[in-house]
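The values are calculated or read from the model by the stated rules, or taken from the named source; none is laboratory data. In this text, all values refer to a predicted model and were calculated from it rather than measured experimentally. Because the Cβ atoms are built from the backbone with ideal geometry, glycine has one as well, and the counts that use them run over all protein chains shown.
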Amino acid sequence: MPWKIIAAAFGWKAAHDDDEDVLVVWHPKLRRHFTGADAWKRAALLSIRAPAGPNFPHTRKEASR
């Protein structure tokens, strides 16, 4: 899969940590970052997943009557 292209389309950026010689994938509007070989994959999968929680009422199950 082209994880880098997918994640970049969602706004993820890449940086290089010179102290530890590791790739860092980060998002400017989110306070998330990923490191390591699968960083692009993890960023893409986080962006693709549907939102859930109390702020998104359309994802909550209705109580059965």
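Of all the residues in segment 15-33, those that are touching a residue at least 12 places away in the same chain (Cβ under 8 Å) and either in contact with a Lys or Arg (Cβ under 6 Å, 6 or more places away or on another chain) or not charged (D, E, K, R) (or both) number 7. Just checking, does segment 35-46 include any residue being surrounded by 15 or more Cβ atoms within 10 Å (Cβ to Cβ), of a type in the set (D, E, K, R) and at pLDDT 90 or above? Scanning segment 35-46, I find at least one residue that is surrounded by 15 or more Cβ atoms within 10 Å (Cβ to Cβ), of a type in the set (D, E, K, R) and at pLDDT 90 or above, so the answer is yes.
Of the conditions (1) out of contact with any helix residue (DSSP H, G or I) (no Cβ under 8 Å at 6 or more places or on another chain); (2) not in a strand (DSSP E or B), Ile6 satisfies every one except a single condition; which number is it? Exception for Ile6: condition (1).
Can you give me the number of residues within segment 1-20 that are of a type in the set (D, E, K, R) and under 11 Å from Ala44 (Cβ atoms)? Please lay out each step first, then the result.
Taking segment 1-20 first, the residues of a type in the set (D, E, K, R) are 4, 13, 17-20.
This time we only want the ones that are under 11 Å from Ala44 (Cβ atoms), so: 4.
So the count comes out to 1.
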